Amino acid sequence: MREFDDKVLRVFGELAVDKKLALRREVSRLPRFISEYLVSKYCSKYPNVDEAFRKLAEIVAEYFPEPKDKELVLHRLLRQGSIKLIDEFKVRVNLRRNLYMLHIPSLQIYDALIDEGLVRRFERLLSGMWGFGVLEYRPDLFGEGREEFSPILMTDMEPFQVYNIDLKAFVEGRRKFSLDSWIDLLVTTVGLNPGAYSRRQKLLLLARLIPLVEGNVNLMELGPRATGKTYLYRNVSYYTRIYSGGSVSPAQLFFNASLRLAGDIAVHDVVVFDEVSRVRFTNPDEMVGKLKDFMTEGFFERGPLKRARSECSLVFLGNIEEEVHARGILRVLPDIMLDPAFLDRIHGMIPGWEMPKIMRSEEHLARGLGLAADYFAEVLHKLRKESFWSIAEAHIELGDNFTIRDEKAVQKTVSGLVKLLFPHGEFDNSELRLVLDIALELRQYIVDVLSFLSPREFPHKRLESRVRG
């Protein structure tokens, strides 16, 4: 491990983070990409690790309030006139008032105001951005036409997220590692211990990242609780939105006509439906139609919003305790997903029942050096703009029994895996075969369910393909 850590540090320098430190209780309440940022920042300031974490504990306690502390924080703001908070701040534009409105989640405030200059400096605020925000109590904001807003103004911000990512440096870094070493680095980067997983399990684990790196991919994963399904999407990237059961409306997903606000599909890279059997769609007829349209080509429309385009990927997660096949899979899915036309638009299913439960931190959680989570999130986001299918296509010949949707599913899955494993675009036929086999397997699960559900429309078949040369 020491030799591996030395190599990671030598290749990626300050972008390498000791994942073990991010597990400490002082920062455990924060999302991993934030805790790692703070750990890196303060551990470099304080040579003594315990001293650094004492300072971190003070910062988290003071600046990252729990929901129960809302009134205490507002009391401090009222008495002091200004406070500093850690939060995921989000801005929306109010055209009628020519204002920028600020959402402060930890205070459950949606109608604060923000200095326009901050929005110009940090446009990421329009989709949500973590950082230290300076909030001022400004009763003078109650001018004409502003009575409906909270008398709170954000006047300054220190963002946490990494900017100006050099993708070429990431690609060049990949060249320094063998395939297996690179896989171990990625597994460590997402916060898990590669030593606790077989090679196949590591590849399936990394398949969870495909929607983060490839646009308009629709994946499903069924598996036991505590295998890290939701953990990965919640902690690896801030470009995700997770629905954990409950009701979901077309306004939330696509477009809120009354507020004239874009929904989550329009502003996130990935929307995750966790515990999908417990998700309830309001107005299900409208939702099914719009989801099927979006899952086909990435377009949607609702009310005054006509023909909007989004690269958002969709992930459907379900909990099962053992391996299931077609009949068992259907018992897990909600009624909305039992429509063959809906299922056919899902590109693949990850067999989560093969993943071990994460039970002991010293056994399953990462302990060595990996890439900083906020840096890795930006790398994945930038790679979405690239298409790697054309690189692989010259070497792959798909079988005659592929439908157009089968082809699209395999193409997108292969492209996503190649981006993750071979971002430099270099691989031999055996490595491409490894990627292709996974893509075929994930799609085959969907093909089998469709055949069981509607055997006349989807006769049983086996997807096969070959790597040329």
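Where a number appears in this text, it was derived from the coordinates with a stated rule and is not lab data. Predicted model, so just to flag it, every value in this text is computed and none were measured. Note that each Cβ is placed from the backbone with ideal geometry, even for glycine, and that neighbours are counted across all protein chains shown.
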(Q) So for the stretch 34-132, if I pair up every lysine 8 or more residues apart or on another chain, how many of those pairs have alpha-carbons under 20 Å apart? (A) 7
**Q.** Value at 222 nm in deg cm²/dmol, rounded to 500, when DSSP H runs of n ≥ 4 in the chain each add -39,500 (n - 2.57)
**A.** -12000 deg cm²/dmol
**Q.** Calculated FRET efficiency for the pair GLU457/ALA57, C-beta based, R₀ 56 Å, to 0.05
**A.** 0.40
Q. If amide H atoms are built 1.01 Å from N in the plane of the peptide, which residues on other chains or at least 5 residues away come under 5 Å of the amide H of ILE152?
A. LEU113, ARG138
Q | Between the stretch 42-76 and the stretch 389-442, the alpha-carbon center distance in angstrom | A | 46
Q: Report the residues of the stretch 195-234 in range of a label on PHE4: point 7 Å along Cα→C-beta, backbone N strictly under 18 Å from it.
A: 195-207
Q. Relative contact order for the chain: what is it in percent, counting Cα pairs under 8 Å that are at least 6 residues apart?
A. 17
Q) Can you give me the Cα centroid spacing of the stretch 104-121 and the stretch 231-301 in angstrom? A) 24
Q: Just check the chain against the gyration tensor rule for me: Cα atoms, a ≥ b ≥ c as the square roots of the eigenvalues, rounded for a/c under 1.5, and otherwise prolate or oblate depending on whether a/b exceeds b/c.
A: oblate
Q) How far apart, in nm, are two points set 7 Å out from the Cα along the Cα-to-Cβ line at HIS75 and at GLU116? A) 3.8
**Q.** Global form of the stretch 67-159, assessed from the alpha-carbon gyration tensor, a/c cut-off 1.5
**A.** oblate
Q.
Of all beta bridges DSSP finds with both residues in the chain, what is the antiparallel percent, to the nearest 5?
A. 60
Q. Amide H to amide H under 5 Å from VAL248: which residues, 5+ apart in sequence or cross-chain, H placed 1.01 Å off N in plane?
A. ARG280, PHE281, THR282
Q. By the gyration tensor of its Cα atoms, with a ≥ b ≥ c the square roots of the eigenvalues, what is the shape of the stretch 295-449: rounded for a/c under 1.5, prolate for a/b over b/c, or oblate?
A. rounded
(Q) Net charge within 13 Å of VAL467 by Cβ-Cβ distance, Lys/Arg positive one each and Asp/Glu negative one each, not counting VAL467 itself? (A) -3
Q: Starting from the Cα of ASP166, step 7 Å along the direction of its Cβ; do the same at GLU431; then give the gap between the two resulting points in nm.
A: 2.3
Q. Over the stretch 384-467, what is the relative contact order in whole percent, taking alpha-carbon pairs under 8 Å and six or more residues apart?
A. 41
Q. At what distance in nm do the modelled label points of ASP156 and PHE342 sit from each other, each positioned 7 Å from its Cα along Cα→Cβ?
A. 5.1
Q: Any aspartates and glutamates with Cα under 15 Å of the LYS385 Cα? List them, leaving off those in the same chain fewer than 8 positions away.
A: ASP166, GLU214, ASP269, GLU311
